[in-house]
Every structure is written in C-alpha cells, then in structure tokens.
1. Just a yes or no: is a residue in region 38-56 surrounded by fewer than 15 Cβ atoms within 10 Å (Cβ to Cβ) and assigned to a helix (DSSP H, G or I)?
2. Condition check: in a helix (DSSP H, G or I), under 16 Å from Ala108 (Cα atoms), of a type outside the set (Gly, Ala, Ser) and within 15 Å of the chain's Cα centre (by Cα). Does Leu3 satisfy that?
3. Just give me the residues in region 67-97 being crowded, with 21+ Cβ neighbours inside 10 Å and under 21 Å from Leu3 (Cα atoms), in sequence order.
4. If you scan region 58-82, which residues turn out to be among the hydrophobic types (A, V, I, L, M, F, W, C) and more than 9 Å from the chain's Cα centre (by Cα)?
5. Being farther than 17 Å from Leu117 by Cβ and assigned to a loop (DSSP other than H, G, I, E, B) is the requirement here; does Val104 meet it?
Amino acid sequence: MMLAVLEQRGRIKALGKQDIYSATVGGVRLSEPAADLAIALALASAASDTPLPKNLVAIGEVGLAGEVRRVTGVQRRLSEAHRLGFTHALVPTDPGKIPPGMKVLEVADMGDALRVLPRSRRREAPREAEDRR
C-alpha cells in the first residue's frame, strides 16, 4: 500500500516495478501506524538515492490519499526522540507542545513530507495533464 501511495501522491516513479524489502532493528514487527511516515520517507529516500538527515525523526500515519494523520502520544514521542538526540521532526499538523530545542515541521500530506529530500536529486513521475492546470 505504501508504495502505491508514494507513486501516486508522492510522484516517485517505478516503485511497483522493483523488489522492495524492509527490515527493522532486531526483526521487530511494525504494526504501529505512527511508523508509516518514517517508512514512507525511508522508501522515498532509497528510491531517489537521497539520504535523509541523521537527526530527523518522522511520526505519523499515512492514509490512502497521501494525507498524514495524527497519532496518539505525539508529544511523548517527540520528547523521547529529543532525549535520544534527534533535533528535527516531521509530524502531522497540531502536534501539541514541542520540546525546547527541537525543530518541528508540520506536514499535511506526503507531498509536504517529501520536501525534506533535496529536489535536485528526486526522481519524479511526470504529472498528468490535468495536474498541470
């Protein structure tokens, strides 16, 4: 599902034509919707051969239309990420109280989130004629 959303809403081409595998540290199974945004960014980063910033954490659920949805405990998650040394975060709109010293970028959809990747290296699919209007 995530690949289809990235192709359609993130305009990252040819993901469906590749064999893609994802692994987590220690083989942890991810059933937490808050990991959606981080996984989507990791896939987009790999597809475009563009590294994400090392100090970036991403929290949010990604819907079929590419929207980034709020998840429970955003403030708690941001505090823990900051404690672990992360200084920048991508979160859904209205994250609540932000830990001092952490820079937070609120994103409404995958288009907003993918802007953290340098545009010059991103490989985008051509837009449909009606999208150009």
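Read the figures in this text as sums done on the coordinates, not as results from a lab. Keep in mind that this is a model prediction, so the values were computed, not measured. Cβ: placed from backbone, ideal geometry, glycine included. Neighbour counts: every protein chain shown.
1. There is no residue in region 38-56 that is surrounded by fewer than 15 Cβ atoms within 10 Å (Cβ to Cβ) and assigned to a helix (DSSP H, G or I).
2. Working: in a helix (DSSP H, G or I): yes; under 16 Å from Ala108 (Cα atoms): no; of a type outside the set (Gly, Ala, Ser): yes; within 15 Å of the chain's Cα centre (by Cα): yes.
No, not satisfied.
3. If the condition is that a residue be crowded, with 21+ Cβ neighbours inside 10 Å and under 21 Å from Leu3 (Cα atoms), then Val68, Leu90, Val91, Pro92 are the ones that fit.
4. Pass one, region 58-82, residues among the hydrophobic types (A, V, I, L, M, F, W, C): 58-59, 62, 64-65, 68, 71, 74, 78, 81.
Across region 58-82, the qualifying residues are Leu64, Ala65, Val71, Val74, Leu78, Ala81.
5. Working: farther than 17 Å from Leu117 by Cβ: yes; assigned to a loop (DSSP other than H, G, I, E, B): no.
Criteria not met by Val104.
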